[in-house]
Every structure is written in structure tokens, then in C-alpha cells.
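Working notes, beginning with the structure itself.
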Amino acid sequence: MAFHPNMQSEIEGVSVIGDLRWRAWNGVLADVWTVACAPDARGEYVSQAPRLVVILDKAGKGGIDIVPSSGGNAGMLPVSDRGNLHYVPAHVPVRAYVKGVRELTHLDIHLDTATLVERFSCNIDPDILNTPRLGFSDERLQGLARLIAGECAGPTSCCDLYGDSLVAALAATLLQIEPGTNRRRGQLPPCKLLRVKEFIEENCMRTVRLEELAALTGLSPSYFCAAFKTSTGVPPHKWQMRARIDRAKSLLRKRGMTLAEVAVAVGFSDQAHLTRVFRKIVGTTPAAWLRDTAA
């Protein structure tokens with residue numbers, strides 16, 4: 001896992017119950033903790049990544065307050081007025097005070113902002129990203145958080161589209177990312193597009209990795225793929241297949257190689273593979289195309 005929130009904490013009167021439940025998705029790491037709390041339990045926390053702390057359940061008539069470390073516990077709201085959501089920006093130390101709560105379950109959602117910026121193709125408002133919001137309420141965020149917590153407790157999946165959609169919705173809501181504010185993925189500049197096309201044509205007889213092409217443009221693979229398709233109308237792998245077919249046509253015109261030899265020369269597994277792709281792109285078989293061009 002590449003993303004590590006790297007949180008530092010000092011706690012007093014808090015002990016973990018059961019196992020930690022956690023899941024990682026694209027741009028988000030979520031973990032669920034259940035803890036037993038002694039009277040006047042407290043803790044101090046600071047993380048290198050922004051996070052949303054969600055109080056899911058508690059036993060006892062008291063509450064929990066999360067406040068900036070510099071502010072101590074001054075200005076704590078009455079229990080009835082406090083929300084269960086706490087957004088803490090990166091590198092902001094906070095203190096948590098527990099009063100009259102015997103047991104507590106909370107969800108911590110750690111945000112990888114660099115990945116989220118790439119994922120949403122947007123710039124996140126620095127004021128929103130760097131402003132603490134402690135003890136607020138939001139029914140939509142609370143509902144999404146409970147669903148995410150449920151996913152943390154479930155079995156893992158290598159293709160968890162449901163959980164990934166939940167964290168995407170939560171991140172977009174929390175950071176106030178609107179579809180209309182996202183930067184439109186446009187075309188590649190002509191010079192970069194030409195560079196990529198030439199590279200594909202020169203290397204079409206081997207498997208060209210998406211990362212190689214993206215590196216030529218200085219873009220991430222996902223952004224490059226979208227920009228290339230916008231520029232050409234097809235994704236990179238289809239452009240490579242067309243380049244292979246063009247190379248196969250050139251070799252077939254020379255008539256010095258068999259169809260099987262041409263197939264291997266241009267990177268296909270065998271003659272049948274070449275024929276399938278040739279028919280899909282050209283609309284006919286290599287043999288029929290050769291007859292038509294010779295007529």
C-alpha cells in the first residue's frame with residue numbers, strides 16, 4: 001500500500017477492544033476502532049494527511065470533544081449541540097476529551113489529497129482543505145460513513161467498486177468538489193501527440209505499456225489515456241493495434257513472407273490472431289485485402 005497517513009498519538013485511559021478493521025481504496029484509507037474509555041480519557045493526535053473522524057456509536061450519556069491542541073478544552077459545546085463529524089487538516093494537532101462515555105466506536109477516514117486531485121481532475125480549494133471543522137453535522141456524510149464502516153468490516157475484494165464509489169462520494173462532499181468545477185480533460189498538445197504517435201509506430205511490434213506513453217507527456221497514466229482518446233478518438237492500445245496492422249500491410253505488399261511469418265513479425269501470437277484483428281480494423285481478412293489491392 002503506497003499511502004501511509006503516518007499518524008502520531010498519545011492517549012490516556014483508552015484501550016482498544018477487538019481487532020482493527022480497515023480498508024484502502026483509491027485515495028482513501030479508512031479504519032474503524034472500538035475502544036473502552038476510562039473516566040476523563042483523553043488523547044492528542046497529529047497526522048501528515050487530512051482526515052475525517054466520525055463517531056459511530058457510544059455507550060454512556062456523555063460525549064467526546066475534539067479541539068485544536070492550542071485551544072485546550074476551552075469552549076466545549078454542550079453534548080446536545082455537538083455533531084459527530086470532525087474534519088482535521090494535515091499537520092494540525094488536536095486533542096480529544098471523553099466525558100461520561102464507557103465505550104466508543106469511531107471511523108477515521110484518511111485522505112490522500114494528491115491521488116484525489118488526480119482522480120477528480122480538479123484543484124481542491126486550499127481554504128476548505130486547510131480549515132478545521134470540529135463537531136459539525138451532515139446527514140449525508142454520516143450516512144456514507146456508516147456504509148464505509150460496514151465495508152471495512154466485510155471481506156476484501158480486488159474489484160470493490162461499491163466501496164470505492166462510497167469513498168469518492170464522501171471525499172467529493174467533504175471537500176466540496178462540484179462536477180462543474182472539475183478541470184475538463186482536453187486534448188494533448190500537438191507536439192506531445194506527435195511524439196506519442198511516433199513512439200507507438202516505432203515500437204508497435206512489442207507491447208507498449210501505458211506508463212511509457214504517459215511518461216513521454218509528463219502526465220499520469222489515467223489522465224494521459226483520457227487525453228489521448230480525446231485527441232484521436234481511440235484509446236492508446238487501439239492506436240497501437242492500428243499501427244501493427246499498417247506494418248502488416250507493408251510486409252504483405254512485399255510478398256516475401258507468409259501470413260504466419262508476418263503475424264509473428266508484427267507482434268501477434270499467430271496467424272489467427274492477426275486475422276481476427278485485421279478483420280476488425282480493416283473489415284476484411286489479410287488474404288482478401290491483398291487480393292483487392294493487387295487487382
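Sorted fewest first by neighbouring Cβ atoms within 10 angstrom, R119, R206 come out as R206, R119. I want to make sure I understand the PRE zone here: with the label point 7 angstrom from the Cα of W22 toward its beta carbon, which residues in segment 108-147 have backbone N atoms less than 20 Å away? Under 20 Å, as judged by backbone N against the label point of W22, lie 108-116, 145-147 of segment 108-147.
The length gained by stretching the chain between H91 and A287 to full extension, at 0.36 nm per residue less their Cα-Cα distance, is 63.9 nm. Among the lysines of segment 189-295, pairs at least eight places apart or on separate chains and with Cα atoms under 17 Å apart come to 7. Calculated mean residue ellipticity at 222 nm for the chain: -12500 deg cm²/dmol, from DSSP H runs with n ≥ 4 weighted as -39500 (n - 2.57), summed, divided by the residue count and rounded to 500. Counting only residues at least eight positions apart within a chain, or on another chain, the lysines with an alpha carbon under 21 Å from that of K58 are K99.
Just checking the listed ones, L52, L147, L194: in the Gaussian network model of the chain with Cα springs under 10 Å, the one fluctuating most is L194. Modelled spin labels at E198 and H237, positioned 7 Å past Cα toward Cβ, are 2.7 nm from each other. Once C-alpha pairs closer than 8 Å and six or more residues apart are averaged by separation and normalised to the residue number of the chain, the relative contact order reads 15 percent.
For segment 170-283, the orientation-averaged shadow of the C-alpha convex hull comes to 9.4 nm² (one quarter of the hull surface). Taking a sphere under 12 Å around the Cβ of R95 and counting the other residues whose Cβ falls inside, with K and R at +1 and D and E at -1, yields a net charge of -3. By the count of other C-beta atoms within 10 Å, a proxy for reagent exposure, R102, R253 are ordered fewest to most as R253, R102. Note on V117 and A169: the extension gain reaches 17.3 nm, defined as 0.36 nm multiplied by sequence separation minus the Cα-Cα distance.
What is the extension gain from Q187 to E12, computed as 0.36 nm multiplied by their sequence separation minus the C-alpha to C-alpha distance, in nm to one decimal?
57.5 nm
Every number here is computed from the coordinates shown, using simple stated rules; none is lab data. The model shown is predicted, which means the values in this text are computed figures rather than measured ones. When we count neighbours, we look across all protein chains shown, and the Cβ atoms used for this are built from the backbone with ideal geometry, even at glycine.
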